[in-house]
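*Asks:* Got a structure here, written out as structure tokens. Questions coming.
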């Protein structure tokens, strides 16, 4: 036992020296392991700095072949943990070109993120409660003419390769006499369509159109609106769908069309009547002139309309039906033609034509009747 004591004492001394060394080596190994794993583990990646490469006062132009592809000016550009992303802060100007033509110009935003892996471009209005996002976009570039619209929104994501994108929140688009408000817009520039959702509103001159959704055909200047409501100064209309043809300045309504015409001196207000299908509204419409039909074409310029297919006109208890009807804004008359019938106490009377006066609240039957007569209030 005395022989073993020096050996044991030596081993104890060695342990006192080697244990701290082992601990130090283990700590260093652990740090190296964390550094290596942080490249693959998102949680550990948080220990890496947010910004690696920073460039101030950026003014860059990119090219595709001999043509400009994009140009951007910003206060700062940086890349961070995700090496596939470049972030531009406080963008004062951005332009995107297609075959050398600027389809987007004058874009300003709080932040733009470009992803080199999936080619997505994200544009943000708000960062830390502050920001802006505006741009001029030529949606109709297919027509080979300059036709820019001004866009305001909170967020844009667009992929130049697929030509698809999305615009979200607080959307406002200004184009000549047309103003568009929407919650979301899905873009497919390859097919030249834009789909609006979130009860989009379209203001054209003094007219207001509201729909459940809407599809814009960018190369045709046409807008297809579902579950449409139309409000003009002295009339409103409702239908299952409406097609606005901007080139011809008309709006075609189809499916359960109902139009309410008020006297010019008693112009309708948007808040006065909610929906024609509601019971309270139906009672209030008993005092107004209502035209129902399969189809109706409204003219944006002269405010006239034509109705065809199962046309029915009612006014303060009076009722008539025909194949066709035409409303004239100047005279405030609805002229009914084609298989015209007027309802009387003992049934329907056939006549050649009926003139419905909105202003005087009268039905005037004319031609091919036993006697020409007028029905008043």
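*Asks:* Among what's in region 199-224 and is at positive phi and surrounded by fewer than 16 Cβ atoms within 10 Å (Cβ to Cβ), pick the residue that is modelled with the highest pLDDT.
*Replies:* Ranking the candidates gives 199 first.
*Asks:* Looking only at residues that are more than 25 Å from residue 203 (Cβ to Cβ) and not in a loop (DSSP other than H, G, I, E, B) in region 143-172, which one is modelled with the highest pLDDT?
*Replies:* Per the criteria, the residue is 157.
*Asks:* When both residues are 6+ apart or on different chains and their Cβ atoms are under 6 Å apart, which pairs have a first residue that lies in region 81-93 and is on the phi < 0 side of the Ramachandran plot and outside any strand (DSSP E or B), and a second that is surrounded by fewer than 16 Cβ atoms within 10 Å (Cβ to Cβ) and modelled with pLDDT of 90 or more?
*Replies:* none
*Asks:* Based on this model, can you work out whether residue 240 counts as surrounded by fewer than 15 Cβ atoms within 10 Å (Cβ to Cβ) and either modelled with pLDDT of 95 or more or in contact with a helix residue (DSSP H, G or I) (Cβ under 8 Å, 6 or more places away or on another chain) (or both)?
*Replies:* Against the criterion (surrounded by fewer than 15 Cβ atoms within 10 Å (Cβ to Cβ) and either modelled with pLDDT of 95 or more or in contact with a helix residue (DSSP H, G or I) (Cβ under 8 Å, 6 or more places away or on another chain) (or both)), residue 240 qualifies.
*Asks:* Here's another thing I want to ask about it. Can you go through 103, 123 and tell me which one is part of a strand (DSSP E or B), closer than 28 Å to residue 78 by Cα and out of contact with any helix residue (DSSP H, G or I) (no Cβ under 6 Å at 6 or more places or on another chain)?
*Replies:* Of the residues listed, the single one that is part of a strand (DSSP E or B), closer than 28 Å to residue 78 by Cα and out of contact with any helix residue (DSSP H, G or I) (no Cβ under 6 Å at 6 or more places or on another chain) is 123.
*Asks:* Which residue is surrounded by the fewest Cβ atoms within 10 Å (Cβ to Cβ), if the candidates are limited to region 60-82 and must be modelled with pLDDT under 75 and closer than 19 Å to residue 111 by Cα?
*Replies:* Taking the candidates together, the pick is 82.
*Asks:* Also: For residue 202, are the conditions met, namely being closer than 30 Å to residue 114 by Cα and touching a strand residue (DSSP E or B) at 6+ places or on another chain (Cβ under 8 Å)?
*Replies:* no
*Asks:* Here's something else I'd like to know. Return the residues of region 309-353 that are in contact (Cβ under 8 Å) with a residue 40 or more places away in the chain and over 18 Å from residue 236 (Cα atoms); say none if nothing qualifies.
*Replies:* Listed by number, the residues that qualify are 318, 320.
*Asks:* Next up: In the list 254, 275, 235, which residue meets the criterion of being touching a helix residue (DSSP H, G or I) at 6+ places or on another chain (Cβ under 7 Å) and either closer than 21 Å to residue 308 by Cα or modelled with pLDDT under 85 (or both)?
*Replies:* 275
The values are calculated or read from the model by the stated rules, or taken from the named source; none is laboratory data. Keep in mind that this is a model prediction, so the values were computed, not measured. Glycine also receives a Cβ, built like all others from the backbone with ideal geometry; neighbour counts cover every protein chain displayed.
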